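The values are calculated or read from the model by the stated rules, or taken from the named source; none is laboratory data. If you're wondering where the values come from, they're calculated on a predicted model, not measured in any experiment. Cβ sites come from the backbone with ideal geometry, for glycine too, and all protein chains shown count toward neighbours. For accessibility, only protein heavy atoms count, side chains too; no ligands or nucleic acids. Shrake-Rupley method; radii C 1.70, N 1.55, O 1.52, S 1.80 Å.
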Amino acid sequence: MPTNDSGQPIGAPLVGWTARPHPPRTPMSGRFCRVEPIDIERHAADLYAVHTDPSCWTYLSYGPFDEFDSYRRWLAEMAGLNDPLFYAIVDDRSSKAVGVAAYMRIDPSNGVIEVGHLNFSPALQRTAAATEAMYLMMRRAFDVLGYRRYEWKCDSLNMPSRRAAERLGFTFEGTFRQAIVYKNRNRDTTWHSIIDTEWPARKRAFEGWLAPENFDTAGQQRRTLAAFMRP
């Protein structure tokens, strides 16, 4: 472990470190889906149609929306922001937008970025497209933009989100108690992360799972992502 002149332990030096670029407003394409910057004319109606179940909005600080016009206005406002930077997840087979994700709390100087505002409709949940969308966003953050840390945070009571983070290879880091007040209720927030030194192994696992040979003729996985994640 490195030390300073007084013999105190200090962090490892980052030789040549520079601030990272801000994520671009460009699409990310895979075999099952495309992750596209929000386009109100192309995505708003699709997204509103697939998020009618109130449970889609339980752990988000906004929604549900009673009418399309109010949702469209809200989405247009979000689409104009740089942080969070919203994307639509478009199913490749139907060409319909079926979910939302965003880069947020973007910290170029420290190389830290979070994925959030996740709202996967029933049409996207537990599909290969859902996993691929998360892989595409991670790959851009680490491989293209050179970020050092990729975060996932959620309400500690949101067990599907916590299980998803674990399945996707995130490390649980702890719980921030009474971190947020939203919808007039308390939120304890769980923190999860992947760091750059872990990413190569995670990337191999995702690519092994997403490979065509891992799916049978009915589209069912042959091996689970967890199996690929094991050392």
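General observations
- Index of the failed condition, residue 98 passing every other in (1) open to solvent by 70 Å² or more (accessible area, probe 1.4 Å); (2) of a type in the set (A, V, I, L, M, F, W, C); (3) in a strand (DSSP E or B): (1)
The rows are residues; the columns are (1) open to solvent by 60 Å² or more (accessible area, probe 1.4 Å); (2) of a type in the set (Gly, Ala, Ser); (3) in a strand (DSSP E or B); (4) under 23 Å from residue 36 (Cα atoms).
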residue	(1), (2), (3), (4)
150	no, no, yes, yes
164	no, yes, no, yes
206	no, no, no, yes
227	no, yes, no, no
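- Screening the candidates 104, 78 for the property of being within 22 Å of residue 191 (Cβ to Cβ), out of contact with any helix residue (DSSP H, G or I) (no Cβ under 7 Å at 6 or more places or on another chain) and not charged (D, E, K, R) yields one hit, 104.
- Where residue 196 falls short, out of the listed (1) open to solvent by less than 80 Å² (accessible area, probe 1.4 Å); (2) closer than 29 Å to residue 57 by Cβ: (2)
- Residue in segment 20-32 that is over 14 Å from residue 95 (Cα atoms), exposed (fewer than 13 other Cβ atoms within 10 Å of the Cβ) and without any contact (Cβ under 8 Å) to a residue 60 or more places away in the chain present: yes
- For segment 106-148, filtering for residues that are open to solvent by less than 20 Å² (accessible area, probe 1.4 Å), part of a helix (DSSP H, G or I) and among the β-branched types (Val, Ile, Thr) leaves 1.
- Among the conditions (1) crowded, with 16+ Cβ neighbours inside 10 Å; (2) in contact with an Asp or Glu (Cβ under 9 Å, 6 or more places away or on another chain); (3) within 23 Å of residue 139 (Cα to Cα), residue 36 misses just one, which is (2).
- Residue 231 over 26 Å from residue 55 (Cα atoms) and part of a loop (DSSP other than H, G, I, E, B): yes
- If you go through segment 213-225 and pick out every residue that is part of a loop (DSSP other than H, G, I, E, B) and free of Cβ contacts under 8 Å to residues at least 24 places away in the same chain, you end up with 7.
- Residue check for residue 231: at pLDDT below 95, surrounded by fewer than 11 Cβ atoms within 10 Å (Cβ to Cβ), more than 19 Å from the chain's Cα centre (by Cα) and not aromatic (Phe, Trp, Tyr): yes
- Matching residues, segment 57-95, being part of a loop (DSSP other than H, G, I, E, B), small (Gly, Ala, Ser) and touching a Phe, Trp or Tyr at 6+ places or on another chain (Cβ under 9 Å): 61, 63
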